[in-house]
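Below: one structure, written as structure tokens.
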């Protein structure tokens with residue numbers, strides 16, 4: 001397993017567990033899933049102070065570094081490090097051709113993607129895990145960036161694979177597709193893919209089942225009626241840009257999908273419905289439910305104990321852009337099983 005890294009960090013590591021470093025850690029969904037899968041974090045890096053505050057609030061012992069990935073200097077920021085088992089990165093989402101504000105192939109998001117590959121070559125972890133939106137793998141405008149990344153990995157002797165997966169197949173009550181890049185320093189990629197096991201659909205894995213308890217927390221009598229209507233998994237929860245206005249549950253297609261559950265996807269609520277709330281979608285959006293940030297977090301698979309720092313919109317941005325912990329846990333278990341067998 002990975003040895004103790006850095007000074008004063010020995011108490012973080014427990015016998016039999018592996019080590020991880022995470023870049024662009026955000027609200028900690030990927031880190032939490034990896035922790036549950038048996039990895040102890042050596043370092044979590046993020047460039048947003050509110051995300052770093054969230055990480056520290058939930059795990060005071062984690063080594064959190066508030067820094068831009070492009071300014072990350074392993075020799076200084078990881079002084080004294082030895083072997084790292086997994087380098088994980090929940091990188092900012094690449095833009096589609098329709099929404100990108102910068103020329104194709106030159107975006108900040110792609111620069112971070114390629115920087116992560118170079119850091120992999122420098123740090124030589126036993127495994128690399130990168131997750132992003134499916135467009136990173138599917139769209140031609142990202143082909144040159146993918147090629148540069150995989151060339152770095154191949155030249156360094158890494159074996160790799162790309163996967164297109166949906167988090168709903170791993171215990172998350174939400175359609176949420178990912179492109180996942182996994183690379184292994186010492187081989188075994190077929191073992192990893194064989195160990196990545198989808199979770200059979202559970203009867204309680206619906207929007208209504210997950211949120212029924214919270215909907216009735218203030219005595220709202222229609223909670224059970226609403227939950228019966230919301231008998232399906234949610235559309236993709238979109239965190240949105242940090243550079244624009246308030247929180248909502250996604251673009252127009254998502255808003256229409258939420259409306260089928262009697263939910264107003266154009267805004268977020270400060271609290272769950274009161275006892276006298278009149279839920280009747282036929283009367284318009286004013287009589288539709290709005291979800292709270294904590295309820296959105298539940299649909300992302302975060303445990304109720306996980307808190308998010310900042311004001312409502314900042315909290316929602318963190319939740320909506322996070323990796324669902326159950327999905328991260330499945331990836332972590334597959335990686336841990338593979339590395340432990342190596």
message: Which of the numbered conditions does residue 199 fail, given that it passes all the others? Conditions: (1) farther than 26 Å from residue 332 by Cα; (2) surrounded by fewer than 19 Cβ atoms within 10 Å (Cβ to Cβ).
response: (1)
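In contact with a strand residue (DSSP E or B) (Cβ under 9 Å, 6 or more places away or on another chain) and within 23 Å of residue 201 (Cβ to Cβ): which single residue out of 257, 224 fits that description?
Numbers: 224 fails: in contact with a strand residue (DSSP E or B) (Cβ under 9 Å, 6 or more places away or on another chain).
Answer to the selection: 257.
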- prompt: Which residue, of 289, 299, 335, is closer than 30 Å to residue 194 by Cβ, buried (at least 17 other Cβ atoms within 10 Å of the Cβ), in contact with a strand residue (DSSP E or B) (Cβ under 6 Å, 6 or more places away or on another chain) and not assigned by TED's automatic domain parsing to the domain that holds residue 57?
  reply: 299
- request: Please enumerate the residues belonging to the range 170-212 that are touching a helix residue (DSSP H, G or I) at 6+ places or on another chain (Cβ under 6 Å) and on the phi > 0 side of the Ramachandran plot.
  value: 171, 188
task: Tell me, yes or no, whether the range 213-229 has at least one residue that is in a loop (DSSP other than H, G, I, E, B), in contact with a helix residue (DSSP H, G or I) (Cβ under 9 Å, 6 or more places away or on another chain) and farther than 28 Å from residue 248 by Cβ.
output: no
- prompt: residue 326 passes all but one of (1) in a helix (DSSP H, G or I); (2) closer than 21 Å to residue 206 by Cβ; (3) more than 12 Å from the chain's Cα centre (by Cα); which number fails?
  reply: (3)
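Out of 245, 253, 239, which single residue is surrounded by fewer than 13 Cβ atoms within 10 Å (Cβ to Cβ), at pLDDT below 95 and under 24 Å from residue 166 (Cβ atoms)? Steps first, answer last, please.
Numbers: 245 fails: under 24 Å from residue 166 (Cβ atoms); 239 fails: surrounded by fewer than 13 Cβ atoms within 10 Å (Cβ to Cβ).
Going through 245, 253, 239 in turn, just one is surrounded by fewer than 13 Cβ atoms within 10 Å (Cβ to Cβ), at pLDDT below 95 and under 24 Å from residue 166 (Cβ atoms): 253.
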- request: Out of the residues in the range 36-53 that are over 13 Å from residue 326 (Cβ atoms) and part of a helix (DSSP H, G or I), state the one that is nearest to the chain's Cα centre (by Cα).
  value: 51
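The values are calculated or read from the model by the stated rules, or taken from the named source; none is laboratory data. Keep in mind that what you see is a predicted model, and the values were worked out from it rather than measured. As a convention, Cβ positions derive from the backbone with ideal geometry for all residues, glycine included, and neighbour counts pool all protein chains shown.
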